[in-house]
Amino acid sequence: MPLIDSYNRTIDYLRVSVTDRCNFRCVYCMPEEGAPVAPRDEILTYEELERLIRIAIELGMTKIRLTGGEPLIRKDILTLVQKIGAIPGLQDLSITTNGYLLSRYASDFAKAGMNRVNVSLDTLHPDRFTRIARRGNLDEVLAGIYAAQEAGLTPVKINCVAMRGWNDDEVVEFAKWTLEQPFDVRFIELMPINWSKGDDSMNSYYALSAPQGYQPNQKIQLYADTDAKSFHSAFRMKDTNLQAGQLDARELRRAFISAQEIRKRIEALLGAMEPAEVVTNGPAQSFRLPGALGTVGFISQITNDMCVNCNRLRLTADGYLRPCLMADGEVDLRSLLRSGASDDEIAERFRVTVYHKPKEHRLEDGQAPVGRNMSQLGG
Ligand code: SAM
Ligand code: SF4
């Protein structure tokens, strides 16, 4: 019996952040120094992660994606991949990585049952790479991408966050790459994580929505099995994590560029693209240039609301289950795990979280999640 939320969406996809640390410092994601990270004892162990993922799969989840921070910097990450790859019922195991360490892992990941990888890459120019990611280097990331291709972790998806004034003049170059390589290049709209930082006119939305059909005087079952403390407050962390070297609200808004504009720019130079079917492309809308081996996709969660098809939950590295990327509400699984709860009790908390998954984000009303950085949420 799959997990179904209050809006009849099947929730079969869990994105698991395995660390909030990273070896890069992308300007839109992390500050240059003093990145917010949880104390190590708050990070879930591999045994805890394996248990939660097994329970999620028993509840009907079929797709697991590992993310971070940078998942490949977590010690013995291959061991975790092997453990998860062996869980019965899992249909699709993937990872999102910055690619810097991928060439050393790709082949072993494939052997451990991993199906695919997404590699984040925002520029094809070494000097810009240094300006945007501020660590690592382009050659290593490209080596990782080709190693993944070679290992059969396909289709390799390349996630590019397009930003005006930073890399928007490269969108055609990225699209041209798909003429010769079977990559799925996807342009991601810059998301308003922390947009309210430095701009008080934007509010944070704290709560998850009430269930459909809720009457004002009805005793709400929201988190009936949790308590106020286990409903993680965004405000606990508010104002603590925008530090020097991370783009602030105004800079992010200035850099925002819509998927529509990117598509127009590509088509103006390379001709019209045909819609393409990419089975594993989730919310991306995909297209193909005539004769291309790969595809060009757009993840336009800002300008084109994709909530109606949302099928996912997120698990943070410190053990909170988050039903919506754009709403700061989260449910504590770590305390439950560490207090000796049974599998059934944990499963019930998954169900409650799914039941209260918000219908949609409220970005147009000024919603801006501020509780955590994207590096803490996993993207
Ligand atoms: N470190 C890995 C990586 O970069 O692929 C995994 C974690 S990263 C947080 C996951 C994705 O989130 C990356 O593709 C990154 O570009 C994207 N991301 C981070 N901050 C973002 C933002 N403000 N808007 C849009 N995408 C963002
Ligand atoms: Fe690290 Fe990924 Fe964030 Fe870049 S986007 S700083 S690689 S977590």
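Confirm whether residue 87 is at pLDDT 95 or above, within 16 Å of ligand 1 (Cβ to nearest atom), surrounded by fewer than 21 Cβ atoms within 10 Å (Cβ to Cβ) and among the aliphatic types (A, V, I, L, M). For residue 87, the condition - at pLDDT 95 or above, within 16 Å of ligand 1 (Cβ to nearest atom), surrounded by fewer than 21 Cβ atoms within 10 Å (Cβ to Cβ) and among the aliphatic types (A, V, I, L, M) - is not met. Taking the criterion of being more than 13 Å from ligand 2 (Cβ to nearest atom), over 19 Å from the mean Cα position of the chain (by Cα) and at pLDDT 95 or above, the residues of the stretch 139-165 that qualify are 139, 142, 143, 146, 147, 148, 149, 150, 151, 152. Restricting the stretch 90-106 to residues that are closer than 28 Å to residue 299 by Cα and surrounded by fewer than 18 Cβ atoms within 10 Å (Cβ to Cβ), the residue that is nearest to ligand 2 (Cβ to nearest atom) is 92. A search for C-beta distances below 6 Å between a residue of the stretch 167-186 that is under 14 Å from residue 156 (Cα atoms) and in contact (Cβ under 8 Å) with a residue 40 or more places away in the chain and any residue that is crowded, with 16+ Cβ neighbours inside 10 Å and of a type in the set (Ser, Thr, Tyr), counting only pairs 6+ apart in sequence or on different chains, returns 184/295; 185/178. Of the candidates 128, 135, the single residue that is at pLDDT 95 or above, surrounded by fewer than 17 Cβ atoms within 10 Å (Cβ to Cβ) and within 22 Å of residue 21 (Cβ to Cβ) is 135.
Can you confirm whether the stretch 299-307 contains a residue that is assigned to a loop (DSSP other than H, G, I, E, B) and without any contact (Cβ under 8 Å) to a residue 40 or more places away in the chain? Yes - at least one qualifying residue is present in the stretch 299-307.
On the stretch given as the stretch 64-89, residues that are out of contact with any strand residue (DSSP E or B) (no Cβ under 6 Å at 6 or more places or on another chain) and not in a helix (DSSP H, G or I) total 9.
When only residues in the stretch 309-325 that are in contact (Cβ under 8 Å) with a residue 60 or more places away in the chain and aliphatic (A, V, I, L, M) count, which is nearest to residue 282 (Cα to Cα)? It would help to see each step written out before you state the result.
Residues of the stretch 309-325 that are in contact (Cβ under 8 Å) with a residue 60 or more places away in the chain, as a first pass: 309-320, 323-325.
The next check asks that each one be aliphatic (A, V, I, L, M); those that pass are 313, 315, 317, 325.
Numbers: 313: 14, 315: 18, 317: 23, 325: 15 Å.
This residue is 313.
Among residues belonging to the stretch 31-63 that are part of a loop (DSSP other than H, G, I, E, B) and over 19 Å from residue 314 (Cα atoms), point out the one that is nearest to ligand 2 (Cβ to nearest atom). Step by step, filter the stretch 31-63, then rank; the result is 35. Of all positions in the stretch 189-205, none carries a residue that is more than 16 Å from ligand 2 (Cβ to nearest atom), modelled with pLDDT of 90 or more and crowded, with 19+ Cβ neighbours inside 10 Å. Within the stretch 263-285, the set of residues being of a type in the set (D, E, K, R) and outside any loop (DSSP other than H, G, I, E, B) comprises 263, 264, 265, 267, 274. Only residues that are in a loop (DSSP other than H, G, I, E, B) and in contact with a helix residue (DSSP H, G or I) (Cβ under 9 Å, 6 or more places away or on another chain) were counted across the stretch 108-127, and they come to 8. Applying a threshold of 6 Å to beta carbon distances and a minimum spacing of six or more residues, or different chains, the list of pairs starting in the stretch 341-363 at a residue that is under 20 Å from residue 326 (Cβ atoms) and touching a residue at least 40 places away in the same chain (Cβ under 8 Å) and ending at one that is among the acidic types (Asp, Glu) and crowded, with 18+ Cβ neighbours inside 10 Å reads 354/5; 357/5.
For the subset of the stretch 348-374 comprising residues that are modelled with pLDDT of 85 or more and outside any loop (DSSP other than H, G, I, E, B), which member is nearest to ligand 1 (Cβ to nearest atom)?
Residues of the stretch 348-374 that are modelled with pLDDT of 85 or more, as a first pass: 348-355, 357.
Next, only the ones that are outside any loop (DSSP other than H, G, I, E, B) stay: 348-355.
Numbers: 348: 29, 349: 25, 350: 23, 351: 27, 352: 26, 353: 21, 354: 23, 355: 27 Å.
It comes out as 353.
Of all residues in the stretch 218-255, those that are part of a loop (DSSP other than H, G, I, E, B) and either at pLDDT 90 or above or loosely packed, with under 12 Cβ neighbours inside 10 Å (or both) total 9. Quick one: is residue 109 modelled with pLDDT of 95 or more and within 12 Å of ligand 2 (Cβ to nearest atom)? No: the conditions fail for residue 109. Of everything in the stretch 281-297 that is modelled with pLDDT of 95 or more and of a type in the set (A, V, I, L, M, F, W, C), the residue that is farthest from residue 176 (Cα to Cα) is 287.
The values are calculated or read from the model by the stated rules, or taken from the named source; none is laboratory data. The model shown is predicted, which means the values in this text are computed figures rather than measured ones. Neighbour counts are summed over all protein chains in view; Cβ atoms, including those assigned to glycine, are modelled from backbone coordinates with ideal geometry.
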